[in-house]
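The values are calculated or read from the model by the stated rules, or taken from the named source; none is laboratory data. Predicted, not measured: the structure shown is a model, and the values here were computed from it. Neighbour counts run over all protein chains shown; Cβ positions are idealised from the backbone, glycine included. All accessible areas refer to the heavy atoms of the entire protein, side chains included, with ligands and DNA or RNA removed. Shrake-Rupley method; radii C 1.70, N 1.55, O 1.52, S 1.80 Å.
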Amino acid sequence: MEQSSRIKPPMGPDNGWWWQEVANDVLPIQRCKNCQVLRHPPRPMCDQCRSMEWDFVRAGGGGAVFSYTVLEHPQFPGYSYPIIIVLVDLEEGTRITAELVDCDPGEVEFGMAVTVRIQEDSDGFKLPVFYPVIAQEGE
Amino acid sequence: MPISMKNEAAIAGIGQTTYSKNSGVSELALACEAVSRCIDDAGISPSEVDGLVSYTLESSDEIEVAQNVGLGDLTMYSQVNYGGGAAVGLIQQAVMAVATGAANNVVVWRAMNGRSGRRMGQGASGVMMSSDLIHWSWYQVYGMLTPVSWVTLIANKYMHHYGVTAEHLAEVAIAQREYALNNPAAFGYGKPLSLDEYMNARMVSAPLRLYDCCQETDGGCALLITSTERARDMRQSPAVIRAVSQASTRGQEQMTSFYRDDMLSLPEMELAARRVYDMSGLGPDDIDAACLYDAFTTEVVMQLESFGFCQPGEAKDFVADGNLRLDGRLPNNTHGGLLSEAYIHGINNIAEGVRLVRGQSFNQPAKAEHVLVSSGVGVPTGALILGRD
Ligand SMILES: [Zn+2]
């Protein structure tokens, strides 16, 4: 039988908390408690003020596609192809790497408005993905 | 007054194994063969080698190589991190050793079964814990398991912003393949590449196609660095190291420097450029030929701007005008490069830089007084300027 699950991240003190929040259906952005600067991916120290005290904010989920690629080859077990990978500039600030879903690979564009959804795999693993924001008719 | 690295040392020997898709021998055997040939090329005895430098990715320990090749007492050995970004770093380690007297004759090498053995970018699942594994995990979880999947996010942004097309990238690939047609050691020897073949090849990580990507190779390559003075008494004419520097900048990640404000340039390569131009007293106009790191075609295009051969956004026109060809402004990767000779993590590009300065390239340009070589793109990297003695 084909391996059906993606490669899971190792859960350490510097990143495990982030995945725990995602498992609670939240997209967290780490924030320095001292200077309030947001950072992603998570790290133990703030590069602005060197504080190691941090908390996080809940991202609203909206953002814009900064860059993208469409993975077609090689194809690894545990993933379904083609995969659209996007860098999303979040509205709060910081940039995140994720998959774009509900979008034809030919339709993805630079600057495209997207929003987040926490997706649950069949094995229960949750991860953030983005999908296109479609303008409502009449807007 | 700090010790200068300018002109203190030279590359006096190069050695390589056969480059293939299935070596049938161990990586240690490849390493020993490359190191042994490099020592013979320099015309010295193995017992005169007292320093060794390789990559952290290397599977063969220095002392294993030393035992096999019958090297002398070792007084300096080290390894450099970051895959292909290490290539020029090896030279910097060797030059520092030679300039300070830590060692006299340093061999640097890389040997790998890069196709038949552990291929690059096969991923690692998360049992062990390190900051490096956590770094990769942000990408692996989404299926980004190969170098091309990481590189393309930066390449696509640059291409979109400056209007770089597949035709521009094809010119990089085809120019280097045509060099490889004259190099019997190259994968591309006897295998011409047409524009149609390039365009019709499968999309790998859109917009990059198969021929935008380098080879996967089994093979080894080694270089001997010694003082410029000693090099003059050895068998080959010295390739003098005019300048060398490693370079890593703010926001640097390994392949995934996605979080900088813009992604339209390579800040670490610009740092490398400033460093080697300052140290050598040379500028872009003094560089006659280059071996710009070419794991992917887009990397060559972007580096032309990093090293000041073109203004931002103009590299595509520089390429389209044929400037990377033998009669162009900057013959580049005249052995075929990583795209069409072999992928030995960039050390084989340094070997070609040496051949160019010696006048031994299979595609020797009219002038090769100064040759620029860079290491890995998108990782902590470095640059090197070689000159004729
Ligand atoms: Zn702070």
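With one equal scatterer per alpha carbon and no solvent term, the Debye-computed log10 I(q)/I(0) for region B:347-389 at 0.15, 0.21 1/Å reads -0.37, -0.64.
Centroid-to-centroid, using Cα positions, region A:1-56 and region B:167-235 are 40 Å apart.
So for region B:177-302, Kirkwood radius off the Cα pairs, Stokes-Einstein at 25 °C and 0.890 mPa s: how many µm² s⁻¹? Result for D is 134 µm²/s. Over the protein assembly as shown, what percent of the accessible surface lies on carbon and sulfur atoms, probe 1.4 Å? Looking at the protein assembly as shown in its full context, I get 47 percent from C and S.
Lysines within cross-link reach of B:LYS367: Cα-Cα under 25 Å, excluding same-chain residues under 8 positions apart? Once the sequence-local lysines are set aside, what remains near B:LYS367 is B:LYS6, B:LYS316. Relative to the first principal axis of the alpha-carbon coordinates of chain B, what is the inclination of helix B:27-42, with its axis defined by its Cα atoms, in degrees from 0 to 90 and to the nearest 10? Tilt relative to chain B: about 60 degrees. The Rg/Rh ratio of the protein assembly as shown, with Rg taken over Cα atoms and Rh as the Kirkwood radius over Cα pairs, comes to 0.98. Rounded, prolate or oblate: pick one for region B:301-346, where a ≥ b ≥ c are the square roots of the eigenvalues of its C-alpha gyration tensor, a/c under 1.5 means rounded, and failing that, prolate if a/b is larger than b/c, else oblate. Here region B:301-346 falls in the oblate category. Taking a straight Cα-Cα cut-off under 22 Å and skipping sequence neighbours fewer than 8 places away in the same chain, the lysines within cross-link reach of B:LYS191 are B:LYS21. The mean sequence separation of alpha-carbon pairs under 8 Å and at least six residues apart, normalised by the residue count of region A:16-132, gives a relative contact order of 24 percent. For region B:266-327 and region A:72-139, compute the distance between their C-alpha centroids and round to whole Å. First find each Cα centre; the distance between them is then 35 Å.
Taking only the C-alpha atoms of chain B, the Rg (one decimal) and the largest Cα-Cα distance, Dmax (whole number), read 19.4, 57 Å. With the highest mean first, a sort of the peptides B:229-242, B:346-359 on other beta-carbon atoms found within 10 angstrom per residue produces B:346-359, B:229-242.
Over the protein assembly as shown, DSSP H runs of length four or greater, each weighted -39,500 (n - 2.57), average out per residue to a 222 nm ellipticity of -8000 deg cm²/dmol. The chymotrypsin sites (Phe, Trp or Tyr not before Pro) of region A:61-139 include none that DSSP puts in a loop with a beta carbon having at most 10 other beta carbons within 10 Å. Taking 0.36 nm per residue of sequence separation and removing the Cα-Cα distance, the B:ALA201/B:GLU64 pair yields an extension gain of 45.1 nm. For chain B, the longest principal axis of the alpha carbon atoms and the long axis of helix B:267-280 meet at an angle near 40°.
The interface between chain B and chain A buries about 3300 Å² of solvent-accessible area in total (1.4 Å probe, ligands and nucleic acids excluded).
Between B:ASP286 and A:ASN34, the modelled label-to-label distance comes to 4.4 nm, taking each label 7 Å out from Cα in the direction of the beta carbon. Calculated on the alpha-carbon coordinates, the convex hull of region A:16-132 measures out at 115 cubic angstrom per residue. Label positions at A:GLN20 and B:MET1, each projected 7 Å from the Cα along the C-beta direction, are separated by 5.9 nm. Rolling a 1.4 Å probe over the protein heavy atoms gives chain B an accessible area of 35 Å² per residue.
Cross-link reach is defined here as a Cα-Cα straight distance under 24 Å, omitting same-chain residues fewer than 8 places apart; for A:LYS126 the lysines meeting it are A:LYS8.
Working from the alpha-carbon coordinates of region B:77-187, get Rg over Rh, Rh being the Kirkwood radius. Checking Rg against Rh, the ratio lands at 1.05.
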